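One structure below.
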Amino acid sequence: MEKRAHAAIWQYLRAHRSARTIAAYLLVVTVIGIAFLSSTYGQSVIHAFAQGPCSSSDQTYIVRPGDTLNAIAKSHHTTWQKLAARNQIANPNLIFIAQRVCIPGGNNVQASAPTTTHFTLSNVAYLGSGNPFPYGQCTWWANERYHQLHGVYVPWSTNANAWQWTARAYENGWQVSSQPTVGSIIDLQPNVQGAYGLGHVGVVESVLGNGQVVASSMNWGSNPGQVTSTRFRPGSGVTFISQN
C-alpha cells in the first residue's frame, strides 16, 4: 500500500514538473529515512564508540573487516556472550570496523619483545583537516588518534620528529610521565624497542597487567601502509605524553 502511495505521489509531481515541489518531497522522504535509521541503529552506534577504556586486566582487540563477535571470542578462548556483556554490546550481530573490544583476562599472554597486529589503514584512519603532519607517518597517526580520543591535536608542528615530542610536550606545558595511561601518547627515542633513527610515537590503547602497553601507530614494521597494534614496555627511552 505504501509503495503504491509513493508511486502515485511521484507520478503527480512529475506530471506537474515543479522542481521545488519535488525537492521538498525528496527532503521529507530523506528526513523520515534518517529518523528511522537513527531510531533503529543509533543506540548500537553510540554504545560502540562511547565505550570507556579497557581495564588493566583486559586485552584490547581492534575490530577489522570481516570480524564477528563470535569469531573474536573463539580466537581468544571465550564466548561472544561474555564479550557482549563486558563491552555493553546490545546487538552482538552489530560491531564496527575500528571498534575497541575488551577481552577479559587478556593480560595472561606474556611477551618479551613487541608483538604486532596489522589491520588495513583505509578502514581505520581518515584524513583530518587540523592535522599538519605528513599522512602515513607515525606522527600523523599519533596526532590524529589523540584527537579522536580527546578532541584536541598536539600544539607543536615544527622541530617535531617523533623523538622530539617529549621536549615539545615539556615546552607546551603538557604532562610527560614514565607511567602509561590509556589514551596517552607513547614516545620512543631512537633505537629503543625497534624504533628507528627518528624515534616513534603512537597512542596507548590499553595497559596490561604485566606492565606492558598496547599502542596503535603507523609506519611501524615491514608494512608502513597499515595501522598496527603493538606491545611495548615502559622503561628507558620511553615516555608517555598527555594534555594536562
Review point. Quick one: if the Förster radius is 35 Å, what FRET efficiency do S57 and E171 give, using the C-beta to C-beta distance and rounding to 0.05?
Key: 0.45
**Study point:** Cα-projected label distance for T68 with L149, points at 7 Å along beta-carbon direction, nm
**Key:** 3.1
Review point. With the Cα gyration tensor of segment 150-218 giving a ≥ b ≥ c as the square roots of its eigenvalues, does the rule (a/c under 1.5 for rounded; else a/b larger than b/c for prolate; else oblate) give rounded, prolate or oblate?
Key: oblate
Practice item. Compare the peptides 190-198, 143-151 by average per-residue count of other Cβ atoms within 10 angstrom and give them in order, highest first. Key: 143-151, 190-198
Review point. Points 7 angstrom from Cα along the Cβ direction at Q179 and A85: gap in nanometres?
Key: 3.2
Point to revise | Tensor-based shape of segment 122-244 (alpha-carbon gyration tensor, a/c under 1.5 rounded, otherwise prolate or oblate) | key: rounded
Exercise for review: Obtain the nm distance between the two label points defined at S222 and L198 by a simple spin-label model: each point lies 7 Å from its Cα along the Cα-to-C-beta direction.
Suggested key: 2.3
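Since every read-out is calculated from the coordinates, none of them should be taken as a lab result. Fair warning: this is a prediction, and the values are worked out from it, not measured in the lab. Quick reminder, even Gly has a Cβ in these numbers, built from the backbone with ideal geometry, and neighbours come from all protein chains shown.
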